[in-house]
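A short write-up of the structure that comes next.
The values are calculated or read from the model by the stated rules, or taken from the named source; none is laboratory data. All values derive from a computational prediction rather than experimental measurement. Cβ: placed from backbone, ideal geometry, glycine included. Neighbour counts: every protein chain shown. For the accessible areas, the whole protein counts, side chains as well, though only heavy atoms, and no ligand, DNA or RNA atoms are used. Shrake-Rupley method; radii C 1.70, N 1.55, O 1.52, S 1.80 Å.
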Amino acid sequence: MISNTLKIQATSNVNAKVGRVLWSMWATILLLATVGLTSIFSATSGDESITSSQMIYLTLGCILAGWLCVIDYGDISRWAYPLYAFSLFLLILVLLPGVGVKINGARRWLDLGIVQVQPSELAKLTMIIALGFFLSRPKLDLKSRKTFFTCLGIIGVTFLLILKEPDLGSSIVLFPVGIAMMYVGGIPLKYLLNFFGAVALIIVFLIVEVLYMPPQFQVIKLEDYQKKRLMVYFGVDYAPKNAGPEERRRLKIEQFNDSYNVNQAKISVGSGGLTGKGWRQGTQIKLGYLPNSVAHNDFIFSVIAEEHGFMGSIFVLSLYAILLISGLRVAGLARDRQGKFLAVGITTLWFSQIFINIGMNVGLTPVTGLPLPLLSHGGSAGISALIAAGLLQNVYAYRRNY
């Protein structure tokens with residue numbers, strides 16, 4: 001009798017532990033990571049060192065995600081503001097000459113000796129944690145204008161510091177994340193609509209100014225490469241109307257070079273056909289048209305599309321759909337508002353990155369340098385994506401109906 005009771009209890013404990021795991025999310029992450037590693041290997045023409053480094057990053061990310069799963073997210077949330085302040089400190093630190101590593105005109109990395117880390121990836125997550133903690137106040141407080149502007153402050157400080165690096169892609173995704181969290185939290189819709197309208201006007205003004213105003217009359221100052229990316233996206237000629245033949249020829253060559261990667265990525269996507277050319281058989285990579293320097297990070301989706309065609313692309317999009325649906329499911333099952341905000345913030349962050357990155361591979365969005373979660377090569381981005389998954393798993397493990 002006692003033996004049977006012990007067996008029943010053991011079975012119950014095993015079932016309870018199994019029920020705590022969000023299997024759909026982790027199975028999807030495993031498949032995406034596998035696709036990412038094989039695609040990186042192909043995109044780098046079989047460079048094992050780059051693929052191995054990505055495996056190390058993903059392994060480290062899994063270890064950190066596992067560690068986060070052990071701690072109740074409520075305990076993590078109590079450290080929301082110190083974590084947020086620490087990430088802001090790192091963002092300031094990376095801007096200091098001699099401290100932050102400057103590559104291609106951008107100062108985004110801190111050199112820790114054996115590895116370089118990108119503080120903006122940590123800042124995205126700590127902003128979500130801090131904003132979620134702040135929004136967890138009584139619903140009546142959320143109706144005040146002061147609460148709304150405080151939320152904008154939490155988002156805005158992070159946005160400005162990341163934009164200063166400059167890293168337009170990472171800074172842009174903060175606002176969709178923040179707006180989604182505020183909407184779910186109960187911030188009055190009129191505040192959000194007014195803010196959205198103001199942002200839309202600024203974006204329109206920025207585009208008109210960059211494309212049509214002489215540099216000396218431009219109010220909003222962008223980096224030169226950012227202006228050129230907008231001009232390439234909208235198909236605006238670099239050469240002014242009064243340019244001479246020699247200057248026009250020079251600028252035409254410059255514009256061709258600046259738009260080269262995007263054009264080759266679109267060719268890669270289009271040439272894949274229905275089923276693709278096969279793994280490591282993509283001519284864009286083999287013949288060097290799509291440069292190895294960008295194929296394994298910014299344009300990894302175009303590599304997948306060329307090698308595995310429309311079917312392979314749909315497979316990847318389906319995996320991302322499962323990942324996002326898993327995040328929304330966790331939000332619906334969360335035991336409290338803080339858990340709901342974490343799930344909504346992480347899911348929106350993933351969606352924004354997926355949309356922007358795939359969009360720039362097919363010419364739908366301007367090039368921003370934003371990585372594709374779990375597919376693009378990158379240590380900080382890969383680790384950050386898995387930490388975010390660990391937080392989602394944490395919310396699911398302590399869900400309300402457990």
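Before moving on, here are some points about what is shown:
- All conditions but one from (1) under 19 Å from residue 297 (Cβ atoms); (2) in contact (Cβ under 8 Å) with a residue 40 or more places away in the chain; (3) open to solvent by 10 Å² or more (accessible area, probe 1.4 Å) apply to residue 354; the one that does not is (2).
- Selection within region 125-143 - within 17 Å of residue 82 (Cβ to Cβ) and either in a helix (DSSP H, G or I) or open to solvent by 50 Å² or more (accessible area, probe 1.4 Å) (or both): 125, 126, 127, 128, 129, 130, 131, 132, 133, 134
- Some residue of region 284-293 being crowded, with 17+ Cβ neighbours inside 10 Å, at pLDDT below 95 and within 23 Å of the chain's Cα centre (by Cα): yes
- The lone criterion from (1) in a loop (DSSP other than H, G, I, E, B); (2) over 22 Å from residue 359 (Cβ atoms); (3) not aromatic (Phe, Trp, Tyr) left unmet by residue 166 is number (2).
- Residue selected from region 228-264 under the condition assigned to a helix (DSSP H, G or I) and aliphatic (A, V, I, L, M), by the criterion nearest to residue 360 (Cα to Cα): 262
- Residue within region 270-279 that is under 24 Å from residue 47 (Cα atoms), open to solvent by 50 Å² or more (accessible area, probe 1.4 Å) and either under 24 Å from the mean Cα position of the chain (by Cα) or touching a residue at least 60 places away in the same chain (Cβ under 8 Å) (or both) present: yes
- Selection from region 21-54 of residues that are of a type in the set (A, V, I, L, M, F, W, C), open to solvent by less than 50 Å² (accessible area, probe 1.4 Å) and in a helix (DSSP H, G or I): 25, 29, 32, 33, 35, 37, 40, 41, 43, 50
- Region 98-114 residues that are closer than 21 Å to residue 160 by Cα, paired with ones that are surrounded by 11 or more Cβ atoms within 10 Å (Cβ to Cβ) and modelled with pLDDT under 80 (beta carbon under 8 Å, 6 or more apart): 105/223; 105/225
- Among (1) open to solvent by 70 Å² or more (accessible area, probe 1.4 Å); (2) assigned to a loop (DSSP other than H, G, I, E, B) - the single one residue 146 does not satisfy: (2)
- Of all residues in region 318-341 being touching a Ser or Thr at 6+ places or on another chain (Cβ under 6 Å) and among the polar types (S, T, N, Q), the one that is surrounded by the most Cβ atoms within 10 Å (Cβ to Cβ): 326
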